[in-house]
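Below is one structure; the comments refer to it alone.
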Ligand code: G6P
């Protein structure tokens, strides 16, 4: 009903707007006044956490994209080797699992069958399983050794938005907590990052307040057949997520690529007028990849692509090559997905609406896939 949608036309719009609150709620009570993280609820002892020598993140769909971003955070802050795998692939190969492997399963619903089967497979091999879930008491957290709940609140729209942002927050918390418990070399950086993480609800709010040009752009592209998304570092999974949203909602052919792979294939797809969304890394946090992606933007533009550039405030280097420039606040590199994903959600939602599609109930898709 209209009341349930809180004045919005669609649940998805409401859920996109709720993201600052969802992020704040997921942080709530987990950062102490001393700047230290308190994740006692995770129920794995400091000793167990110190024994971990490998992490495998398992998930499906949008949750998998959160997992891809988690890898960058876990390896950088906690210094633990991390793999990310689609749940549907995991148990059909022969993953090397030991007691010291930590499985992190990410699932909004906690009911996705592929993810549940992967959890069972890992537990049979005696690996410990930490679930990141949004639905209290759902099956996956009940079967896991430990759970860190995201506090996005109920997500009704089939395409995940606020749950994704809170999954990222949970992944950052786990990575930073592992670093804290294990005492990695990034001690100083970690307390600073924890403080910056606490500011993210305000940063997401800022992004939401500047989305009108993105909506206009989306409406202008409703007649397109194909959109490419490029990113590097944590911007690569953001590009994958932007493409997934467009497939799910607008039924358009959309692909996300690692910008460094452009010359190994994707550039052959670039033709006059093709919209290409580029998620640009921070020039200060990712100096080298930033420079390389700026030349990628020049390359595709020289071939006639319509460049839609998502770049940090103050990054002037992209200005000459952006047909449309979308600004996001400058935040620490690893946290950029929290701000950079939002314009892509808005873009897909608006474009799909312009095409007359039901964004809450896309064709052929289910909120929670409980069959393998
Ligand atoms: C379905 C939904 C997606 C979701 C995926 C994983 O495909 O449509 O939005 O990302 O399942 O769901 P989960 O509940 O495990 O995160």
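Assorted remarks:
- Residues satisfying the stated conditions in region 353-362, i.e. part of a loop (DSSP other than H, G, I, E, B) and either within 11 Å of the ligand (Cβ to nearest atom) or closer than 15 Å to residue 245 by Cβ (or both): 355, 357, 358, 359, 360, 361, 362
- Unmet criterion (only one of (1) away from the ligand (no atom under 16 Å from the Cβ); (2) surrounded by fewer than 24 Cβ atoms within 10 Å (Cβ to Cβ)) for residue 240: (1)
- Taking every residue in region 99-120 that is farther than 10 Å from residue 59 by Cα and pairing it with any residue that is near the ligand (Cβ under 7 Å from one of its atoms) and modelled with pLDDT under 95, at least 6 positions away or on another chain, the pairs with Cβ-Cβ distances below 8 Å are 109/367; 109/368; 111/368; 113/369.
- Candidates in region 153-209 are the residues that are outside any helix (DSSP H, G or I), more than 14 Å from the ligand (Cβ to nearest atom) and at pLDDT 95 or above; of these, the one that is surrounded by the most Cβ atoms within 10 Å (Cβ to Cβ) is 153.
- If you go through region 28-53 and keep only what is more than 16 Å from residue 173 (Cβ to Cβ) and surrounded by fewer than 17 Cβ atoms within 10 Å (Cβ to Cβ), you end up with 33, 45, 47, 50, 51, 53.
- Screening residue 35 with (1) closer than 20 Å to residue 141 by Cα; (2) more than 16 Å from the ligand (Cβ to nearest atom) gives one miss only, at (1).
Yes/no per residue for (1) touching a strand residue (DSSP E or B) at 6+ places or on another chain (Cβ under 6 Å); (2) touching a residue at least 40 places away in the same chain (Cβ under 8 Å); (3) under 15 Å from residue 238 (Cα atoms); (4) surrounded by 17 or more Cβ atoms within 10 Å (Cβ to Cβ):
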| site | (1), (2), (3), (4) |
| --- | --- |
| 303 | no, no, no, no |
| 308 | yes, yes, yes, yes |
| 319 | no, no, no, no |
| 322 | yes, no, no, yes |
| 330 | yes, yes, no, yes |
| 334 | no, yes, yes, yes |
| 344 | no, yes, yes, yes |
| 350 | no, yes, no, yes |
| 354 | no, yes, no, no |
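- Test result for residue 146, more than 16 Å from the ligand (Cβ to nearest atom), on the phi < 0 side of the Ramachandran plot and either in contact with a strand residue (DSSP E or B) (Cβ under 6 Å, 6 or more places away or on another chain) or touching a residue at least 12 places away in the same chain (Cβ under 8 Å) (or both): yes
- Conditions (1) in a loop (DSSP other than H, G, I, E, B); (2) at pLDDT 95 or above; (3) surrounded by fewer than 22 Cβ atoms within 10 Å (Cβ to Cβ); (4) at negative phi; number of the one not met by residue 284: (2)
The values are calculated or read from the model by the stated rules, or taken from the named source; none is laboratory data. All of these numbers come straight from a predicted model, not from anything done at the bench. Neighbour counts run over all protein chains shown; Cβ positions are idealised from the backbone, glycine included.
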